[in-house]
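K.L.:
One structure coming up, written as structure tokens, with questions to follow.
The values are calculated or read from the model by the stated rules, or taken from the named source; none is laboratory data. If you're wondering where the values come from, they're calculated on a predicted model, not measured in any experiment. Backbone-built Cβ (ideal geometry, glycine too); neighbour counts: all protein chains shown.
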Amino acid sequence: MNSRPRPHDPYLPLLAFLLLFMAVAQSSNADELTPLPGQVVLAADPWCPHNCEAGSTVEGYMVDILRQAFALQDISVNYVNMSWERALQQARSHRVDGIIGVFAGDASDFLFPEEALGYSETMFFAHPDSHWTYEGLKSLENRTLLVISDYFYAPGISQYINNNRHQQDLVWELSGEQPLTRAITLIGQKRANLLFEDRQVMAWTLRKRPDLPKLRSSGNIYAAPVYAAFAPAHPHAQALARILSDGVRHLRATGELKRIYQSYGLGADGKARMVSPAGAPNNSSP
């Protein structure tokens with residue numbers, strides 16, 4: 001039996017277009033349509049004064065900034081400590097929401113906010129009796145360089161590490177808890193020659209641990225902003241990055257950002273005081 005043709009409805013194409021548009025918009029903005037979490041979990045190994053021991057009275061200037069920035073949107077921060085290698089793994093497997101104290105080259109698959117939390121200036125350190133000074137990659141020949149597993153180093157240094165990481169007489173890789181104090185001790189014992197570390201971190205560590213050998217600074221190599229970054233494919237990563245950047249801008253505008261930096265003995269811009277050869281700050285901004 002033949003069916004009668006249906007009359008043409010001029011609104012059907014428009015209705016179909018609207019339904020398709022709504023479906024695409026809903027899919028692409030799913031992270032903004034679902035409620036934001038009331039708490040974010042951020043992980044890192046202690047790297048004081050950037051980020052210190054979780055739960056201590058001094059948790060680090062970046063943690064202080066994060067807490068205040070997210071509090072503006074009624075989001076609390078749960079800061080937890082673990083090795084850097086594990087922090088990256090936990091974030092990538094969505095067991096934590098993000099990481100703290102990361103360079104842009106550290107984890108390129110993570111989502112970074114527009115605003116950095118601080119600034120890092122990294123240099124070589126050697127035994128107090130050493131007269132060695134960094135003069136390019138060739139000057140690393142016949143030296144044992146201590147590095148921390150999964151840390152990002154200056155671009156040229158990172159390539160050197162990757163090329164020589166299986167030769168322990170050239171690159172000795174440390175991991176686990178408190179790798180920096182282990183590295184300082186190894187150089188003090190002359191079991192290794194060089195350490196590549198942030199000068200704020202070295203100055204802070206040597207002030208807090210007077211029992212450790214006072215390593216000699218041997219060449220400033222790399223300077224870059226440091227961030228908190230959010231886990232790959234996190235459903236709220238873009239929203240959290242935007243909230244953090246907006247919060248940092250607000251803290252800067254009100255003068256609170258400057259106050260936080262100065263409470264840790266840093267300059268108003270978050271940069272370190274210079275580190276003297278004895279490993280102590282000399283209170284002059286770079």
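K.L.:
For segment 194-220, enumerate the residues that are surrounded by 21 or more Cβ atoms within 10 Å (Cβ to Cβ) and either part of a loop (DSSP other than H, G, I, E, B) or not assigned by TED's automatic domain parsing to the domain that holds residue 129 (or both).
P.N.:
Scanning segment 194-220 gives a single hit, 215.
K.L.:
Are any residues in segment 89-105 farther than 20 Å from residue 205 by Cβ and either surrounded by fewer than 22 Cβ atoms within 10 Å (Cβ to Cβ) or among the β-branched types (Val, Ile, Thr) (or both), and if so, which ones? Before you say what the answer is, go through the steps one by one.
P.N.:
Filtering segment 89-105 for residues farther than 20 Å from residue 205 by Cβ gives 89-99, 104-105.
Within segment 89-105, 89, 90, 92, 93, 94, 95, 96, 99, 104, 105 qualify.
K.L.:
Sticking with this structure for a sec: So which residues in segment 34-72 are outside any strand (DSSP E or B) and of a type in the set (S, T, N, Q)?
P.N.:
Here is the first cut: in segment 34-72, the ones outside any strand (DSSP E or B) are 34-38, 45-46, 48-50, 52-72.
Residues satisfying the conditions are 34, 56, 57, 68.
K.L.:
Shifting gears a bit: Quick check on segment 131-177: of everything there that is assigned to a strand (DSSP E or B) and under 19 Å from the mean Cα position of the chain (by Cα), which residue is nearest to residue 62 (Cα to Cα)?
P.N.:
First pass over segment 131-177, keeping only residues assigned to a strand (DSSP E or B): 145-148, 171-174.
Still in the list and also under 19 Å from the mean Cα position of the chain (by Cα): 147-148, 174.
Working: 147: 23, 148: 21, 174: 24 Å.
Filtering segment 131-177 for residues that are assigned to a strand (DSSP E or B) and under 19 Å from the mean Cα position of the chain (by Cα), the one nearest to residue 62 (Cα to Cα) comes out as 148.
K.L.:
OK, next. Could you list all residues from segment 73-130 that are outside any loop (DSSP other than H, G, I, E, B) and basic (Lys, Arg)?
P.N.:
Narrowing segment 73-130 to residues outside any loop (DSSP other than H, G, I, E, B): 76-81, 84-92, 98-102, 111, 118-126.
Listed by number, the residues that qualify are 86, 92.
K.L.:
Need pairs with beta-carbon distance below 9 Å; first residue in the same structural domain as residue 172 (by TED's automatic domain parsing) and within segment 127-145, second of a type in the set (Asp, Glu) and in a loop (DSSP other than H, G, I, E, B); sequence gap 6+ or separate chains.
P.N.:
142/169; 144/169
K.L.:
Go through segment 49-80 and count every residue that is surrounded by 16 or more Cβ atoms within 10 Å (Cβ to Cβ) and polar (S, T, N, Q).
P.N.:
2
K.L.:
Identify, by number, the condition in (1) closer than 14 Å to residue 47 by Cα; (2) surrounded by fewer than 20 Cβ atoms within 10 Å (Cβ to Cβ); (3) polar (S, T, N, Q) that residue 163 doesn't meet.
P.N.:
Failing condition for residue 163: (1).
K.L.:
Also, I was wondering about something else. Please verify whether residue 169 is more than 27 Å from residue 42 (Cα to Cα) and not assigned by TED's automatic domain parsing to the domain that holds residue 84, treating the condition exactly as stated.
P.N.:
Values: more than 27 Å from residue 42 (Cα to Cα): yes; not assigned by TED's automatic domain parsing to the domain that holds residue 84: yes.
In short, yes.
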